[in-house]
1. Assess whether Gly123 counts as being out of contact with any His (no Cβ under 7 Å at 6 or more places or on another chain), at positive phi and not acidic (Asp, Glu).
2. Check Pro101 against each of (1) modelled with pLDDT of 95 or more; (2) in contact with a strand residue (DSSP E or B) (Cβ under 7 Å, 6 or more places away or on another chain) and name the one condition it does not meet.
3. Could you tell me which of the residues Ala122, Ala133, Ala60, Ala68 is loosely packed, with under 13 Cβ neighbours inside 10 Å and aliphatic (A, V, I, L, M)?
4. Taking Ala91 as the residue in question, decide whether it is among the small types (Gly, Ala, Ser), loosely packed, with under 14 Cβ neighbours inside 10 Å and part of a helix (DSSP H, G or I).
5. Going by what's in this entry, would Val105 be described as among the aliphatic types (A, V, I, L, M) and buried (at least 16 other Cβ atoms within 10 Å of the Cβ)?
Amino acid sequence: MRSPRRTTALALAALLAGCAAPRAVPPPLSADFGEPYVLASGDKLRINVFGQQNLTNTYAVEPDGSIAMPLVGRFPVSGKTSDQVRTGLEAKLKSGFLRDPNVSVEIESYRPFFILGEVTNAGQYPYVAGMTAENAVAIASGFSPRAKRDRVELTRRIGERVFKGEVPLTYPIRPGDTINVEERWF
């Protein structure tokens, strides 16, 4: 028969071990730097139609997820990669406007990311390619004295769904992500 002290000590040890174990990143949030970037509202695209100066310009992805381009009109780009947009624009221009269009699409600027909670300067910041959660905290002037410093809570929109989970500081951040640095207990 076990003593009540020993049972309590074992239960406490199991509880503390569970707290210390690293948590897996939820599957919908799993990402790496090699994943293709998907466009959304707030991004700006530099579209170059070779030989067509009136079509070459910078276009903002509007709240409805499309761009407005001469000859093409409203063209949906949200949820697509820049390469998919390029092939779609070439097909659209080829169907009645240009004989053999040659289009390039580059991301001129990404939508911002947001950082909240226990950082010195919470707010909205411009995204930089290859950014990690640790870089985001540095951009927000570092942790506050009460901050949890080993992981952050990440909120990411994928399509129409929103996912939330804790991630390590080395985790890749995407444009539009919201990072929340939580307060530590002691």
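The values are calculated or read from the model by the stated rules, or taken from the named source; none is laboratory data. As the structure is a prediction and not an experimental result, all values here were calculated from the model. Cβ placement follows ideal geometry from the backbone for every residue including glycine, while neighbour counts extend to all protein chains displayed.
1. Numbers: out of contact with any His (no Cβ under 7 Å at 6 or more places or on another chain): yes; at positive phi: yes; not acidic (Asp, Glu): yes.
Criteria met by Gly123.
2. (1)
3. Of the residues listed, the single one that is loosely packed, with under 13 Cβ neighbours inside 10 Å and aliphatic (A, V, I, L, M) is Ala68.
4. So Ala91 fits the description; yes.
5. Working: among the aliphatic types (A, V, I, L, M): yes; buried (at least 16 other Cβ atoms within 10 Å of the Cβ): yes.
In short, yes.
For every residue, the table says whether it meets (1) in contact (Cβ under 8 Å) with a residue 40 or more places away in the chain; (2) in a loop (DSSP other than H, G, I, E, B); (3) outside the structural domain of Thr58 (by TED's automatic domain parsing); (4) surrounded by 19 or more Cβ atoms within 10 Å (Cβ to Cβ).
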{"residue": "Val137", "(1), (2), (3), (4)": "yes, no, yes, yes"}
{"residue": "Ser141", "(1), (2), (3), (4)": "no, yes, yes, no"}
{"residue": "Thr155", "(1), (2), (3), (4)": "no, no, yes, no"}
{"residue": "Val167", "(1), (2), (3), (4)": "yes, no, yes, yes"}
{"residue": "Gly176", "(1), (2), (3), (4)": "yes, yes, yes, yes"}
{"residue": "Phe186", "(1), (2), (3), (4)": "no, yes, yes, no"}
